[in-house]
Amino acid sequence: MSNENNSTVEFSLPQTMSEFIYEQLKKSILSNELNAKQKISEIEISKRYKVSRTPVREALLRLEAKGFIKIDSRRRIYVKEVSYDELKEIFQVLGALDRFAVCQAVDNLKSKQIDKLERLSQKMEKSCNIETIEKYFEYN
């Protein structure tokens, strides 16, 4: 007796320790658990995750490359503060990408999908303040 199943099984490869630490620190920065200009200790992170400093260094270098942290000439590590001009530029790029995505998708959307997008848009509008910014990005 044959049981054909056309569904695909999704799985993800295990993260390296460096990837895990990168994601955890990134999440902490984006949720303001780690604040702008706050010092980050490589040793404390190593102790927290019970790993050597190598994966921590790799994660920190990646965070620096992505603009989340700043490592100065004395190897001090700080959460990077985003300037008004950087934030303005980020939102201009996101706006352009959103417009492009909508233009590409509009001809293929069904009314049910449009209704869902309108509901999400309303939720985003209600969540557009500093206290609920995480919800805004979740809806987005």
Contact list please: Cβ distance under 6 Å, first residue in region 27-41 and assigned to a strand (DSSP E or B), second residue modelled with pLDDT of 90 or more and open to solvent by 40 Å² or more (accessible area, probe 1.4 Å), pairs at least six apart or on different chains.
LYS39/TYR78
Restricting region 84-94 to residues that are at pLDDT below 85 and over 17 Å from LEU30 (Cβ atoms), the residue that is surrounded by the most Cβ atoms within 10 Å (Cβ to Cβ):
LYS88
Please state which one of GLU58, GLU134, GLU44, GLU64 is part of a helix (DSSP H, G or I), among the acidic types (Asp, Glu), over 21 Å from the mean Cα position of the chain (by Cα) and under 24 Å from LEU25 (Cα atoms).
GLU44
With the condition kept exactly as written, say whether any residue in region 110-118 is touching a Lys or Arg at 6+ places or on another chain (Cβ under 6 Å) and closer than 27 Å to LYS27 by Cα.
no
I'd like to know if region 68-84 contains one or more residues that are among the acidic types (Asp, Glu) and either assigned to a helix (DSSP H, G or I) or more than 22 Å from ALA36 (Cβ to Cβ) (or both).
no
In region 101-117, which residue that is at pLDDT 85 or above, of a type in the set (D, E, K, R) and open to solvent by 100 Å² or more (accessible area, probe 1.4 Å) is farthest from ASN32 (Cα to Cα)?
LYS110
Counting only residues that are surrounded by 14 or more Cβ atoms within 10 Å (Cβ to Cβ) and either under 18 Å from ILE90 (Cα atoms) or charged (D, E, K, R) (or both), region 59-74 contains a total of 6
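The values are calculated or read from the model by the stated rules, or taken from the named source; none is laboratory data. For clarity, every value in this text was computed on a predicted model and none was experimentally measured. Glycine also receives a Cβ, built like all others from the backbone with ideal geometry; neighbour counts cover every protein chain displayed. Just so you know, the surface numbers come from the protein's heavy atoms only, side chains and all, with ligands and any DNA or RNA stripped out. Shrake-Rupley method; radii C 1.70, N 1.55, O 1.52, S 1.80 Å.
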